[in-house]
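To keep things clear, I will list the structure first and then write my remarks on it.
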Amino acid sequence: MQQFCDVVPKRLMASRHLDEVSECRFRHVRDETEKFVPHCHEYYEIFLMIKGKALHGVNGKTDLIEAGTLIFIRKDDAHDYMSVDGSFEFANLAFSEGTLRCLFDYLGDGFPASTLLESEYPPEVHLTD
């Protein structure tokens with residue numbers, strides 16, 4: 001298996017991947033319909049594994065993720081996905097840096113934005129049913 005960190009990631013641009021007006025995009029991603037390549041973005045995304053398991057390589061580390069895993073990907077996180085033992089699906093919400101800044105402004109000074117933005121690896125949680 002090729003290591004995720006062996007390839008220079010492709011940089012995905014907001015102008016090609018986000019709606020011009022809403023500055024976001026929602027996708028229901030199925031591994032059998034996608035060609036995954038190591039990539040990073042000039043925008044942010046949140047994705048929720050809906051079905052199955054996958055290897056998620058991010059910033060030189062590889063983790064097994066499964067249904068219920070919610071991950072916040074920052075704009076420069078280099079990541080990729082690989083199927084483990086069958087198909088997988090996830091919901092993906094991508095959004096601009098401006099949208100993120102508006103959200104942080106709304107949440108106020110007490111919200112620990114630096115925890116989300118400055119950790120070595122993308123923050124993740126596992127949601128229960």
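Brief remarks on what is shown
- Among the residues of region 39-73, those that are closer than 20 Å to Leu116 by Cβ and out of contact with any strand residue (DSSP E or B) (no Cβ under 6 Å at 6 or more places or on another chain) comprise Glu42, Asn59, Gly60, Lys61.
- Residue ID - surrounded by the fewest Cβ atoms within 10 Å (Cβ to Cβ), chosen from residues in region 56-92 that are farther than 14 Å from Arg30 by Cα and hydrophobic (A, V, I, L, M, F, W, C): Leu64
- For region 26-43, the count of residues that are surrounded by fewer than 19 Cβ atoms within 10 Å (Cβ to Cβ), among the hydroxyl-bearing types (Ser, Thr, Tyr) and in contact with a Leu (Cβ under 7 Å, 6 or more places away or on another chain) is zero.
- Residue pairs whose Cβ atoms lie under 7 Å apart, separated by 6 or more positions or on different chains, with the first residue in region 64-78 and at positive phi and the second surrounded by fewer than 16 Cβ atoms within 10 Å (Cβ to Cβ) and hydroxyl-bearing (Ser, Thr, Tyr), are Gly68/Thr128.
- Taking (1) open to solvent by less than 80 Å² (accessible area, probe 1.4 Å); (2) over 26 Å from Asp129 (Cα atoms); (3) in contact with a Pro (Cβ under 9 Å, 6 or more places away or on another chain) in turn, Lys10 satisfies each apart from (1).
The values are calculated or read from the model by the stated rules, or taken from the named source; none is laboratory data. In this text, all values refer to a predicted model and were calculated from it rather than measured experimentally. FYI the Cβ positions are ideal-geometry reconstructions off the backbone, even for glycines, and counts take in every protein chain you see. Ligands, DNA and RNA are excluded from the accessible area calculation, which covers all protein heavy atoms including side chains. Shrake-Rupley method; radii C 1.70, N 1.55, O 1.52, S 1.80 Å.
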